[in-house]
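See below for the structure under consideration.
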Ligand code: UDX
């Protein structure tokens with residue numbers, strides 16, 4: 001049956017949450033869709049698009065795909081807004097208010113018409129607009145199934161009297177109202193927004209409602225894999241049966257786009273200039289001796305926190321490669337004149353600091369033996385498939401939950417949440433790299449093997465992507 005929208009190549013509009021991790025992942029998804037014969041419009045915030053043009057050479061990289069177009073839209077924030085740290089959350093209200101009507105206008109006018117939207121499940125308004133205009137929508141979540149499910153369960157936690165959290169003394173109380181997580185979930189592992197002491201039931205409920213709504217889309221794409229999150233995926237399937245697990249997406253991308261296509265994992269969909277000199281530094285370090293340190297694209301740390309981490313790393317006597325993103329330190333800033341001399345010396349001897357690293361390559365380098373991470377979902381997946389054990393210091397949002405899964409469920413590392421003390425950091429780095437190294441290396445190697453099997457030809461993630469493309473093609477008929 002002709003829908004009036006139909007054309008030779010179905011037209012899919014892909015719209016990520018405007019953050020580095022989700023944009024990186026959904027641009028990979030977009031490229032996979034383009035190589036599968038879809039016409040792709042990639043919709044990015046103007047702010048991030050300009051950064052990709054500047055640092056990721058996107059026009060020449062994507063020019064080879066016929067019909068691939070980059071489109072831009074305002075994220076609703078003024079240009080000089082920091083879009084990081086605690087002020088990041090302002091983007092949600094701004095997008096709801098200002099981006100939503102612009103998106104609707106764009107979809108009404110766009111030519112050829114859009115057959116299917118792949119929207120970031122966190123941007124609830126995309127689903128509203130799609131439904132209003134009668135355009136099929138598949139949600140893509142670049143977060144873990146565990147986070148999605150914990151948010152889905154917020155109304156149940158409120159009903160059971162387990163939320164809101166009653167202050168800092170309440171943090172270790174067990175949470176039992178999230179099916180599948182009863183044995184290990186505590187208040188402190190819940191998404192960070194649950195911590196606000198003035199959080200009312202109705203604000204909390206709103207988070208749950210958006211998540212529940214996101215599961216009413218035609219389907220749900222997740223950057224995860226069955227062996228990692230099978231039990232939680234089974235829970236989600238009772239609410240949304242049509243799930244496409246296609247992760248780990250970065251590995252999946254490499255498998256499908258062969259080197260002949262001159263696409264490499266560092267094709268770098270980065271918002272900052274990548275400093276590749278660290279790779280030569282890594283080449284000179286012994287195998288598995290280096291701790292890679294990165295806190296992602298949004299975390300902003302205080303001078304005190306940076307100093308604690310720096311002392312902890314230097315005192316651990318381990319080699320380290322540390323990403324200190326521009327503007328990621330509040331206060332006086334990093335490496336000021338009054339930096340203690342032992343830190344400067346210790347870094348000269350065993351450390352290397354960059355503004356932005358080719359992370360996937362770094363994690364795949366033989367010299368890297370551990371990852372001190374903020375537990376963003378994309379970093380977590382990249383570390384898992386590279387078989388690198390993690391020391392987790394979650395900053396906000398889903399990270400508190402991801403780190404609990406890393407430490408307690410998957411046993412792939414240590415969860416250091418809510419501690420920022422040089423002695424603890426030193427001890428935990430040593431636990432990761434020496435004391436408990438064997439147990440972590442063993443479980444990380446096994447999980448990496450399972451992850452890779454999922455994305456090889458015939459594996460579940462590989463087949464799910466083929467099914468996704470077939471389903472999008474059939475939607476447009
Ligand atoms: C955000 C949220 O912080 C996170 O909680 C959520 O799970 C996803 O969205 P972000 O801070 O961008 O994520 O972290 P993450 O999801 O880990 O993604 C960071 C991306 O940047 C990764 O793909 C990583 O490879 C890349 N990166 C990071 C680099 O390429 N170089 C670096 O130096 C650091």
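Give the shape of the stretch 83-150 as rounded, prolate or oblate, defined through the alpha-carbon gyration tensor: a ≥ b ≥ c are the square roots of its eigenvalues, a/c under 1.5 means rounded, and otherwise the shape is prolate if a/b is larger than b/c and oblate if not.
On the way: a/c = 2.61, a/b = 1.39, b/c = 1.89.
Verdict is oblate for the stretch 83-150.
Over the stretch 276-452, what is the mean sequence separation of C-alpha contacts under 8 Å (at least six apart), divided by residue count, expressed as relative contact order in percent?
The normalised contact order for the stretch 276-452 reaches 26 percent.
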- Task: Would you calculate the separation in nanometres between label points at residue 203 and residue 186, each defined as 7 Å from the Cα along the Cα-to-beta-carbon direction?
- Result: 2.4 nm
- Task: Would you mind pulling out the separation of the Cα centroids of the stretch 151-200 and the stretch 411-477, in Å?
- Result: 25 Å
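Quick check on packing: order 296-305, 221-230 by the mean number of other C-beta atoms within 10 Å, highest mean leading. All intermediate terms of the calculation are to be shown ahead of the outcome.
On the way: 296-305: 18.8, 221-230: 23.7.
For the peptides 296-305, 221-230, the packing ranking is 221-230, 296-305.
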- Item | Helix axis angle, 100-109 relative to the chain longest principal axis, alpha carbon, degrees | 40 degrees
- Task: Between residue 445 and residue 344, with labels modelled 7 Å along Cα→Cβ, what's the label distance in nm to one decimal, could you check?
- Result: 4.3 nm
- Query: How long is the gain from residue 89 to residue 57 if the chain were fully straight, where each residue apart is worth 0.36 nm and the alpha carbon distance is subtracted?
  - Reply: 8.7 nm
- Item | Angle between the chain longest axis and helix 201-214 axis [Cα atoms, degrees, rounded to 10] | 60 degrees
- Task: Could you work out the Rg to Rh ratio of the chain, with Rh taken as the Kirkwood radius (inverse of the mean 1/r over all Cα pairs)?
- Result: 0.95
- Item | Rounded FRET efficiency, nearest 0.05, which uses the C-beta distance separating residue 8 from residue 421 and R0 of 60 Å | 0.50
- Rank-order 237-248, 76-87 by packing density, defined as the average count of other C-beta atoms within 10 Å over each peptide's residues, highest first. 237-248, 76-87
- Taking only Cα atoms, what is the 0 to 90° angle, nearest 10, from helix 341-350's long axis to the longest principal axis of the chain? 70 degrees
- Pseudo-spin-label distance residue 64 to residue 277, built 7 Å along Cα→Cβ, given in nm, is 3.0 nm
- Using Cα pairs under 8 angstrom and six or more residues apart, how large is the relative contact order of the chain, in percent? 17 percent
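Using the Cα atoms of the stretch 276-452 to build a convex hull, what is its mean projected area in square nanometres?
On the way: hull surface 36.9 nm².
Spelled out: convex hull of the Cα atoms, projected over all directions, averaged, 9.2 nm².
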- Task: On a C-alpha basis, how far is the centre of the stretch 307-369 from the centre of the stretch 109-150 in Å? Whole number, if you could?
- Result: 38 Å
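Quick note: the coordinates plus some simple rules give every number you see, no bench work behind them. Nothing here was measured: the structure is a model prediction, and the numbers come from that model. Methodologically, a virtual Cβ is constructed for each residue, glycine included, from the backbone with ideal geometry; neighbour enumeration extends over all protein chains shown.
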